[in-house]
Amino acid sequence: MDRSTTATATAVATTTAPTASSADAALKDPQTGSLLLDGVPRQRAATAVPPAPRPATPVLAPPAPSAPPVSRARALARLRSHRPWRLLPTPTGTPFTFGYAAVLTVTAMVTDYADPSLVHALQQGSSTDVAHLIREPVLVLLASALWMAGGITSPYAIGFVLVLTALERRIGGLRAAGVFLLGHVVATLATEVPVGLSVLAGDLPDSSLHRLDYGISFGVATSVGALAGLLRPWLRWPLLVVFGSMVVGDLLEFADPMTDWGHVMSLAIGVSTWPLVRGWRRARTAAASSPGAPAVVHTAQTPDTVAA
């Protein structure tokens, strides 16, 4: 009886030993190999999990300023490139034309609003007739250019403003004045001297010596001819054709042949000055672009300034 009991106890111990070893193995941490206590939580080492990368925050660029409409931008660029305000005289850009136009405006107002007898006396004293040219030529040649025949709305008055402004911007004030004065003096003498010779020959009456003659038309016609030589061909030849047709048409009407011949001669004088005015323009352009010249600010290229 004792043997069987002992054997049974030995068998039980033998069968339970592996079970205990399996339990111990189950209670071991597979990563560290240390024993874990049964019933005690949170004994395993936490596995380090790398943090997930945060998405990059996009950098927003500042909103671009809204561009003006294409049509408006083109219109502004076209306006700045043509600069239509430069067709008119200004005190700083074209002082000769601006000052001369102011004087002519005053004399035109005197003609319209002053007493007619006073106006006639002033114009008669400024006339470049043969009698005055013999007595005081310099005075009457200058004074006769202070009056406009036909007033400020006449074609020659409008042409004076546009043509003299364009000419002065290209060659300068003094040279533009010289071209104007050249045509005024030469054409006046070329028309009045034959009148005096005809009176001496008996072909004309003595009253022709006191013919009323004043105005700016000879100087304007000469300036038109000179300006044409400085323009591009697509502007030069239409200008000469239109103005030449006008003066030739007046001559064919034979209303005032002496004055009309003076306009034709004045235009020819202006055309003859092409080599001179072109040389002046080249010299003016070279002087403006030389390194020692003061910088010229092209104000017409900026939106908030206006060219003189």
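Just a few scattered comments:
- Length-normalised contact order of the stretch 158-250 in % [C-alpha pairs under 8 Å, at least 6 apart]: 34 percent
- Listed peptides 222-235, 245-258 appear in the order 222-235, 245-258 once ranked by packing, highest mean of other Cβ atoms within 10 Å at the front.
- When +1 charges are put on Lys and Arg Cβ atoms and -1 charges on Asp and Glu Cβ atoms, the dipole computed for the stretch 187-290 relative to its Cα centre reaches about 1040 debye.
- Prolate/oblate/rounded label for the stretch 103-234 (Cα gyration tensor, a/c 1.5): oblate
Throughout, read-outs are computed from the coordinates displayed, never taken from laboratory work. None of the values given here were measured: they were computed from a predicted structure. Heads up, the Cβs are rebuilt from the backbone with ideal geometry, glycines too, and the neighbour counts pull from every protein chain shown.
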